[in-house]
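See structure below.
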Amino acid sequence: MESLGALILWPDNLLLSLLVLLVIAIPILYGARPAMHSLLQALFRGISNPLRLASRWLFKTAEVLRERNKMVLLSRGREEISQGIVKEFERVTALVERDLHGYPALQRKLTDEITRIEEEFQKCGEVPPPPPEWAKAVAAIAKIKPSSDGLVEKILEDISDSINDIYQKVIAEYRESAKQRHNILKSFMPFWRSVDQTLKRVDKNLTGMQQSAARIDEQVEKYRQIHAKSDQVEHTLTSSATILFVISVIAIMIAAGGAFVNFWLIERPMAAMVGGSEYIVGDIQASYLAAMVIIFFETLMGLFLMESLGYTHLFPLNSINNRMRRWLVWISFSILLILAGVEVALAVMRDLIISADIALKQELAGGAVTAAASSWALDIPKAAQMILGFILPFALAFVAIPLEYLIHSGRTVFGALLVLGIRGLAFAMRFLSSLARQVGKGFEHLYDAVIFLPLIIERAVLNNRGTRQTKPASGGTAAFSAKHGEHVL
């Protein structure tokens, strides 16, 4: 402050002193103008260029990360579609082996039986055979005119009776034959219904095969698009992964709510078992830690159970055989069942502890201890606690399915968010780089604004010098043109 006060020429007139100092400083500032411009440019270029380089590096990193996320996403989609295609082919193979492996033999049998039925039906539709040759003789005898001769009448009556007997016998035989044919056709009705049902089942199976073939074609088309690495497939898989991530998060939150209820259901009995006044780390009670260990162990057993059943694929269990997988299933289920039974016992114990606490508080208060009434209204909470204690461990076992989808979809979602964050940071750095360059130019213009008077004089001198140099050149050009013009003329 003393050095600045020494620069003031007239302390009584501060404005005049500053004006004189400005007039003295302007020539100095004008002389230092190129150096100051270079200094400002170097200073702000030193701020802008690193920001621009960092922005370029971040954009390149975001692009590399995006390509890596795309590769992981397409690989995951290719794996899921391959598994879907394999399952569809297994389904079609099982359908063919189960329902259509005997279709050629069934078709031959159906053809033979249908041919036989048609033959029998045609026989049933035959007309009666034509009259034999003796019918002509009878017709000739019928033309004989009646007479009073008794012998002739006796012969004619005998012939008529014989013909009637023969006719009745023939008609009876024909009716018996038709009856047999109808009985044969009647015996074919159950088989015909069976054939009809079989054909309907075959048609249903063929329809199912057509639908499976359509699904396989759709999956193969998706696989082809994934192999082509098209942007549309990337967006589709990203959207699908985002939806799965949201659904998985909701399912995990619901499971966390169930685990919270389960925790408070078994915490109080665990406090009676391990000691409610024991602390492990800081303010964490031993009962809290014991209850959490039981819940985590139930979740772990459920995870191994789902993994052994093949519903999830979080662990590399493909190397073990089916026998070992079945052992894992039974072991995990047994441990989970034992833990569920333990929770039922803890739920009953919790009810007893609450009743004992109420009785103790009444006794300490000096009142008479009332015996708990045994009724269905008092048994309902105990039954509800027992049911929850048995069901919640098995409900927590299913958390492995949304957990798997959360892990696989979270890789895609967090990768996309990371790329978006890196690009945002790169854009911010590029913006700051441009802002630094503009601020540097602003300081240069501000410096020129301070020494505007010498700059105006410099510009006027340069303009006058340029005008003087232009005029002689223009006059010489006119004289040269006139001289050569006269020569030409």
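The values are calculated or read from the model by the stated rules, or taken from the named source; none is laboratory data. Model, not experiment: these values are computed from the prediction. Note that we place each Cβ from the backbone using ideal geometry, even for glycine, and neighbour counts take in every protein chain shown. Surface areas here come from the heavy atoms of the whole protein model, side chains and all, with no ligands, DNA or RNA. Shrake-Rupley method; radii C 1.70, N 1.55, O 1.52, S 1.80 Å.
Here H313 sits with roughly 110 square angstrom of accessible surface, probe radius 1.4 Å.
Peptides 404-411, 42-49 ranked from most to least packed, by the mean per-residue count of other Cβ atoms within 10 Å: 404-411, 42-49. Once divided by 2.2 N^0.38 Å, the Cα radius of gyration of segment 412-453 becomes 2.01.
Other residues lying with their Cβ under 15 Å from the Cβ of L40 contribute a combined charge of +2, Lys and Arg counting +1, Asp and Glu -1.
Note the full-extension length gain between R459 and A384 as 0.36 nm times their separation in residues minus their Cα-Cα distance, in nm to one decimal.
On the way: separation 75, 0.36 × 75 = 27.00 nm, distance 9.63 nm.
Computed gain between R459 and A384 is 17.4 nm.
Between N164 and K179, residue separation times 0.36 nm minus the direct Cα-Cα distance comes to 3.2 nm.
For the cross-link pairs K87/K200; K87/K204; K154/K179, which exceed 28 Å when the distance is taken from alpha carbon to alpha carbon? List each step's numbers first, then the result.
On the way: K87/K200 25 Å; K87/K204 20 Å; K154/K179 37 Å.
Cα-Cα > 28 Å for K154/K179; rest within.
Sort 54-66, 288-300 by the packing proxy (mean of other Cβ within 10 Å over each peptide's residues), most packed first.
Values: 54-66: 15.9, 288-300: 17.8.
The most tightly packed comes first, giving 288-300, 54-66.
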